[in-house]
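Participant: Handing you this structure, nothing more for now.
The values are calculated or read from the model by the stated rules, or taken from the named source; none is laboratory data. Since this is a predicted model, take the numbers as computed values, not measurements. As a convention, Cβ positions derive from the backbone with ideal geometry for all residues, glycine included, and neighbour counts pool all protein chains shown.
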2 protein chains.
Amino acid sequence: VTAEAAALDAQDALAPLRKLFKLNPATSYLDGNSLGALPLGVIDAVQRTVSGEWGDDLIASWNTHNWIDLPVTVGEKIAPLIGAQAGQVLCVDSISINLFKLLSTGLALRPERRVILTLSGDFPTDAYMAQGLAQLLGPDRCELRRVSADRLHTALDTDVAVLMLTQVNYRSGECYDMAALTRAAHEAGAVVLWDLAHSAGVVPLALDALGVDMAVGCGYKYFNGGPGAPAFVYLNRRHHDVVQQPLSGWLGHSQAFEFSPDYLPAPGVRAFQAGTPPIISMVALNAALDVFAHTSVAAIRDKSLALTEHFRELLQERGLLERLECLTPEEPERRGSQISLRHDQAWGMSQALIEAGVIVDFRAPDILRFGFAPLYNSFADAVRAADTLADIVREERYADARYSKRPAVT
Amino acid sequence: VTAEAAALDAQDALAPLRKLFKLNPATSYLDGNSLGALPLGVIDAVQRTVSGEWGDDLIASWNTHNWIDLPVTVGEKIAPLIGAQAGQVLCVDSISINLFKLLSTGLALRPERRVILTLSGDFPTDAYMAQGLAQLLGPDRCELRRVSADRLHTALDTDVAVLMLTQVNYRSGECYDMAALTRAAHEAGAVVLWDLAHSAGVVPLALDALGVDMAVGCGYKYFNGGPGAPAFVYLNRRHHDVVQQPLSGWLGHSQAFEFSPDYLPAPGVRAFQAGTPPIISMVALNAALDVFAHTSVAAIRDKSLALTEHFRELLQERGLLERLECLTPEEPERRGSQISLRHDQAWGMSQALIEAGVIVDFRAPDILRFGFAPLYNSFADAVRAADTLADIVREERYADARYSKRPAVT
């Protein structure tokens, strides 16, 4: 570790939070943007729910342990982390499923329009779900249009019902200007749907203040809720009268336990519930969110920018930015919490890094991602990652025959 | 306990399996049709996944611990329990969400037809999801029709694309004739979608042999997968070329990790995957299913019928069938694994039973359900339930003022 990194770690106010996580001291885990590390509090919470609640109290737990309220409880815990007042966030299903609900609602909010506009190059599930909806509704009622960022403003025409954008791009780590783009959507008469998968928990958000219409986000990245943790939806209160979503399952009914024959949506975001939620996974996320009581997203963002800035400098000093293309913007406000590098041998580099204890990930066909989770990553992690990558590049270890074949699941 | 029940328990080949579950010896748990009891093996499996896999191996666990395969792994474990050959069952999402996928596929299988036909009085989420789809598609493309059982054959006309039925009714416990109704649907040119929520794991099923087109089922009732455990879908192999489902999330893509811009469905049932699955909840279900390695659904069914028959006789002997209306058919082949009784004071009775340690449930407005889970219920449980109910009725304890107000969540 360099003296500079040691000094930065010594003065890091978030450093004590690292001990709230289970981490292998032999590795530097730089993949919290894919799967957040395990908060130690989750272990007990899950154990208690499985053995104590389910095991001992069985069906009564839906009431006595408030399982039935968990989608709201967890949603309300997330709300202040994304700049939302109470009553607008629900923890439910996956991002994919929730996009379908929100896109349907968005089309219902702009019945005279039929286009879903999005950026090409966002995480594919967003476009796939819009394709599924468009195919189901047919071209007279829904069309997905994808454009590059430079064509976005031109494409925001009077056909656009919903502008669907991801705040931080999963490949480049670029952070888009939510205020400006939300304003542009509204000026064009569209509603805006933000995917916060790579920003919730690490970028300060002000959904209410910006008048954002709708958002989805992820429980298992910077919220550390565990593999496949349930996702969340946000719907601005001003649209609560017009929730229209076709995945109208029984728990989204206004009186689910009356078992009435016709669907009558619960008020507001509660109508986004569908089936019975996976309680054990939801309890894990609920416990994981308690870590945020020790700090603020603003403090997390400060450290995030310091970490990625420091890492970028280290790459520069080691001559790596001449060998690999940095896709992540240099300006702090345009940067998420990762540094993405492009190289033809990115797959081999990712594998050599992992073998050396620097856990990163790879995105096909040629991107190496270094994700920084300020709740548990240190400046020493950044030094180790840069030094290890420098070694691998210098020694051409990425070209090892073991890395010649890339598996289908990366 | 009566001598007869003691003798039945003594000769019960499934009795030793009770020790595989965490059960409170002070209660008789007769609500496994709502939430199955906790198999002890689940405790370790969940702990290992949370602390050992997620905690220690983090993102690598998707491959090294085969998380990515879990939807298929669990699906294949369920397959033999429902009479399905390999490659046709997937564990994914909730029943509600899965119904939307299958109903869409069903309409695509019969493009010249537009009616979803179902029975009134089935669990409401089935009709709600069909309503959501019908409303989204509009009356030219989809209409939900609900009829009573006696009108079903007449209503099976040439407009019907999908006949959606639940094998065992959640209120009455009536078990419908899957062979005859599947044949009737096919003779009318429709495809059939069976909801197995109250039959999978407790009624022998032969989906392949009967040529059933599609099915959904529940992970948290007789499969004991834990609260809100993921559900499953079955799609008969002969339809695998025409899977068309609009919830086209990234994990249902044929090459998810290529992150290609356009959705291309994975082959067969894998296309029913959408978002990232809740791994911790899925691991619990995976471990719970291991209990079935010790027995067969046929043996479970034999004991189920013996339990419900015995309970019915006990009710009869105690004069209770004159005081409460038994909704569950007497003929064994028409009976699921529960006995449902109707009474104006059913709510008070359910609460008095629970206070006396007999855990049953109530379904609005007036139904008392006694669910029998042969993996852990005994004939002694049946005696205790009948005796306790007899006491409550004789002493009119159901009329206690504490039970006068029924909460919204029951």
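Participant: A:GLY32 - would you say it is in contact with a Phe, Trp or Tyr (Cβ under 8 Å, 6 or more places away or on another chain) and more than 25 Å from B:ASP44 (Cβ to Cβ)?
Facilitator: yes
Participant: How many residues are closer than 27 Å to B:LEU196 by Cα and not in a helix (DSSP H, G or I) when one looks only at segment B:311-327?
Facilitator: 3
Participant: Something else now. Consider only pairs whose beta carbons are under 7 Å apart and that are at least six residues apart or on different chains; among these, list those whose first residue lies in segment A:262-280 and is within 14 Å of A:LEU90 (Cα to Cα) and whose second residue is basic (Lys, Arg).
Facilitator: Here the result reads A:PHE272/A:LYS101, each pair linking segment A:262-280 to a residue that is basic (Lys, Arg).
Participant: Hey, another quick one. Just to verify a result, which residue in segment B:76-105, among those that are of a type in the set (Gly, Ala, Ser) and surrounded by fewer than 24 Cβ atoms within 10 Å (Cβ to Cβ), is farthest from the other protein chains (Cβ to nearest Cβ)?
Facilitator: Kept after step one, since they are of a type in the set (Gly, Ala, Ser), are these residues of segment B:76-105: B:79, B:83-84, B:86-87, B:94, B:96, B:104.
So of that shortlist, the ones also surrounded by fewer than 24 Cβ atoms within 10 Å (Cβ to Cβ) come out as B:79, B:83, B:86-87, B:104.
Details: B:ALA79: 21, B:GLY83: 24, B:ALA86: 20, B:GLY87: 18, B:SER104: 7 Å.
Of everything passing the filter in segment B:76-105, B:GLY83 is farthest from the other protein chains (Cβ to nearest Cβ).
Participant: Check B:THR2 against each of (1) surrounded by fewer than 21 Cβ atoms within 10 Å (Cβ to Cβ); (2) closer than 18 Å to B:THR295 by Cα; (3) in contact (Cβ under 8 Å) with a residue 12 or more places away in the chain and name the one condition it does not meet.
Facilitator: Going through (1) surrounded by fewer than 21 Cβ atoms within 10 Å (Cβ to Cβ); (2) closer than 18 Å to B:THR295 by Cα; (3) in contact (Cβ under 8 Å) with a residue 12 or more places away in the chain one by one, B:THR2 breaks only (2).
Participant: Take B:ARG394 and tell me if it is at pLDDT 95 or above and either touching a Phe, Trp or Tyr at 6+ places or on another chain (Cβ under 7 Å) or of a type in the set (Lys, Arg) (or both). Let's see the steps before the verdict.
Facilitator: Details: at pLDDT 95 or above: yes; either touching a Phe, Trp or Tyr at 6+ places or on another chain (Cβ under 7 Å) or of a type in the set (Lys, Arg) (or both): yes.
Yes.
Participant: Also, quick follow-up: Of all residues in segment B:328-342, which are surrounded by 24 or more Cβ atoms within 10 Å (Cβ to Cβ), outside any strand (DSSP E or B) and in contact with a Lys or Arg (Cβ under 7 Å, 6 or more places away or on another chain)?
Facilitator: B:THR328
Participant: Something else: Where residues in segment B:350-390 are hydroxyl-bearing (Ser, Thr, Tyr) and part of a loop (DSSP other than H, G, I, E, B), which of them is surrounded by the fewest Cβ atoms within 10 Å (Cβ to Cβ)?
Facilitator: B:SER378
Participant: Hey, any hits in segment B:212-229 for a residue that's away from chain A (no Cβ under 12 Å), assigned to a loop (DSSP other than H, G, I, E, B), of a type outside the set (A, V, I, L, M) and surrounded by fewer than 16 Cβ atoms within 10 Å (Cβ to Cβ)?
Facilitator: No; the residues of segment B:212-229 include none that is away from chain A (no Cβ under 12 Å), assigned to a loop (DSSP other than H, G, I, E, B), of a type outside the set (A, V, I, L, M) and surrounded by fewer than 16 Cβ atoms within 10 Å (Cβ to Cβ).
Participant: Are any residues in segment B:249-283 in a loop (DSSP other than H, G, I, E, B) and within 22 Å of A:PRO230 (Cα to Cα), and if so, which ones?
Facilitator: Taking segment B:249-283 and keeping what is in a loop (DSSP other than H, G, I, E, B), we get B:249, B:254-255, B:259-264, B:266-267, B:273-278.
Hits for segment B:249-283 are B:GLY249, B:PHE259, B:GLN273, B:ALA274, B:GLY275, B:THR276, B:PRO277, B:PRO278.
Participant: Also, I was wondering about something else. Return yes when A:LEU23 is within 13 Å of chain B (Cβ to nearest Cβ), of a type in the set (A, V, I, L, M), under 17 Å from A:PRO374 (Cβ atoms) and surrounded by 22 or more Cβ atoms within 10 Å (Cβ to Cβ) and no when it is not.
Facilitator: No, not satisfied.
Rundown of residues vs (1) within 23 Å of B:PHE257 (Cα to Cα); (2) modelled with pLDDT of 95 or more; (3) of a type in the set (Val, Ile, Thr), yes/no style:
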| site | (1), (2), (3) |
| --- | --- |
| A:ILE82 | no, yes, yes |
| A:ILE95 | yes, yes, yes |
| A:LYS101 | no, yes, no |
| A:VAL115 | no, yes, yes |
| A:ALA190 | no, yes, no |
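Participant: Sticking with this one: Residues of segment A:237-253 being modelled with pLDDT under 95 and farther than 23 Å from B:LEU137 by Cβ, which ones?
Facilitator: Across segment A:237-253, the qualifying residue is only A:ASP241.
Participant: Taking only segment A:46-73 into account, find how many residues are surrounded by fewer than 20 Cβ atoms within 10 Å (Cβ to Cβ), more than 7 Å from chain B (Cβ to nearest Cβ) and not in a loop (DSSP other than H, G, I, E, B).
Facilitator: 8
Participant: Closer than 30 Å to B:VAL243 by Cβ, without any contact (Cβ under 8 Å) to a residue 60 or more places away in the chain and surrounded by fewer than 24 Cβ atoms within 10 Å (Cβ to Cβ): is that true of A:ARG151 in this structure?
Facilitator: No, not satisfied.
For (1) hydrophobic (A, V, I, L, M, F, W, C); (2) surrounded by fewer than 22 Cβ atoms within 10 Å (Cβ to Cβ); (3) more than 14 Å from chain A (Cβ to nearest Cβ), each residue gets a yes or a no:
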{"residue": "B:MET129", "(1), (2), (3)": "yes, no, no"}
{"residue": "B:GLN135", "(1), (2), (3)": "no, yes, no"}
{"residue": "B:GLU143", "(1), (2), (3)": "no, yes, yes"}
{"residue": "B:ARG146", "(1), (2), (3)": "no, yes, no"}
{"residue": "B:ALA155", "(1), (2), (3)": "yes, yes, yes"}
{"residue": "B:THR158", "(1), (2), (3)": "no, yes, yes"}
{"residue": "B:LEU163", "(1), (2), (3)": "yes, no, yes"}
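Participant: Please work out which one of (1) among the aliphatic types (A, V, I, L, M); (2) closer than 30 Å to B:ALA299 by Cβ; (3) facing chain A (nearest Cβ under 9 Å) is the condition B:LEU247 fails and give its number.
Facilitator: (2)
Participant: Does segment B:111-123 contain any residue that is surrounded by fewer than 22 Cβ atoms within 10 Å (Cβ to Cβ), out of contact with any Pro (no Cβ under 9 Å at 6 or more places or on another chain) and more than 20 Å from B:ALA184 (Cα to Cα)?
Facilitator: Checked segment B:111-123: at least one residue is surrounded by fewer than 22 Cβ atoms within 10 Å (Cβ to Cβ), out of contact with any Pro (no Cβ under 9 Å at 6 or more places or on another chain) and more than 20 Å from B:ALA184 (Cα to Cα).
Participant: Next question, about the same structure. Among the residues of segment A:1-40, which ones are among the aromatic types (Phe, Trp, Tyr) and assigned to a loop (DSSP other than H, G, I, E, B)? Before the answer, list the steps.
Facilitator: Here is the first cut: in segment A:1-40, the residues among the aromatic types (Phe, Trp, Tyr) are A:21, A:29.
Once the filter is applied, which keeps residues that are among the aromatic types (Phe, Trp, Tyr) and assigned to a loop (DSSP other than H, G, I, E, B), segment A:1-40 yields nothing.
Participant: Another question, then. Name the residue, out of B:ARG323, B:ARG342, B:ARG335, B:ARG318, that is out of contact with any helix residue (DSSP H, G or I) (no Cβ under 8 Å at 6 or more places or on another chain) and at pLDDT 95 or above.
Facilitator: Values: B:ARG323 fails: out of contact with any helix residue (DSSP H, G or I) (no Cβ under 8 Å at 6 or more places or on another chain); B:ARG335 fails: out of contact with any helix residue (DSSP H, G or I) (no Cβ under 8 Å at 6 or more places or on another chain); B:ARG318 fails: out of contact with any helix residue (DSSP H, G or I) (no Cβ under 8 Å at 6 or more places or on another chain).
Checking each option against the conditions leaves just B:ARG342.
Participant: When A:ALA37 is evaluated against the numbered criteria (1) under 17 Å from the mean Cα position of the chain (by Cα); (2) facing chain B (nearest Cβ under 9 Å); (3) free of Cβ contacts under 8 Å to residues at least 60 places away in the same chain, which criterion, by number, is the only one it fails?
Facilitator: (3)
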